[in-house]
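Colleague: Here it is, the structure in full.
Throughout, read-outs are computed from the coordinates displayed, never taken from laboratory work. None of the values given here were measured: they were computed from a predicted structure. Don't worry about glycine lacking a Cβ; one is built from the backbone with ideal geometry, like all the others, and counts go over all protein chains shown.
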Amino acid sequence: MKLGSLIIVDDDSYSRTLLATALKGVGFDILLSTGSASESFEPFSSRQVDLAPIDLDLGRGPNGKDVAYKMRELQPNIGLVLITSFTDHRAAGDPWRVLPIGMRHITKTKLEDINQLVKILLLAKSKPLSKINNQKSEESPLTDAEIRSLMQTTGAIVT
């Protein structure tokens, strides 16, 4: 029994391969596993995509939020899960851009086993547009102004 079809987007090949192998092993159909933002949109032209676990920092070019917004345009009911090492998505590049509605945010260090991730993915699949309050991490009580100041201090690009 297939749990759903998905696209994995992560620029780290080890993390991407590990995630694809684990999710395939529990019953997901992996349509594509890529480190490229532009490649991640290819399956939408010919297949129904149920889910997309996406890393936030994809290196140069579009980040995970950019990819998520484009995927939501291509398929409005796709389940989106941001899997990242950042505890607060605002710390990566564009602190004022919120996550797409319904996108779950999970910090890699908080994942204890594959079953925890499967539950999050299945929730994202079943309720892809549910209003959830994960725009700011519980672990990061910083305000938008504090995030901006920190990014300017560290030399990060502030848009």
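Colleague: Sorted from largest down, what three extents in whole angstroms do the Cα atoms of the range 1-123 have along their principal axes?
Modeller: 40, 34, 26
Colleague: Need the full-extension length gain, THR107 to ILE30, defined as separation in residues times 0.36 nm minus the C-alpha distance. One decimal, nm.
Modeller: Stretched fully, the THR107-ILE30 segment lengthens by 25.6 nm.
Colleague: Need one number: nm distance between label points at LYS2 and THR21, each 7 Å from Cα along Cα→Cβ, rounded to one decimal.
Modeller: Between LYS2 and THR21, the simple spin-label model gives 2.3 nm.
Colleague: Here's another thing I want to ask about it. For ILE114 and GLU39, calculate 0.36 nm times their separation in residues minus their Cα-Cα distance, and state this gained length in nm to one decimal. Walk me through the intermediate numbers first.
Modeller: Details: separation 75, 0.36 × 75 = 27.00 nm, distance 2.54 nm.
Here the answer is 24.5 nm.
Colleague: Please give the FRET efficiency for LYS70 paired with GLN48, using the beta carbon to beta carbon distance and R0 = 22 Å, rounded to the nearest 0.05.
Modeller: The computed FRET efficiency comes out at 0.85.
Colleague: Amide H neighbours of PHE28 under 5 Å, counting only residues 5+ apart in sequence or on other chains, H built in-plane at 1.01 Å?
Modeller: The answer is LEU3.
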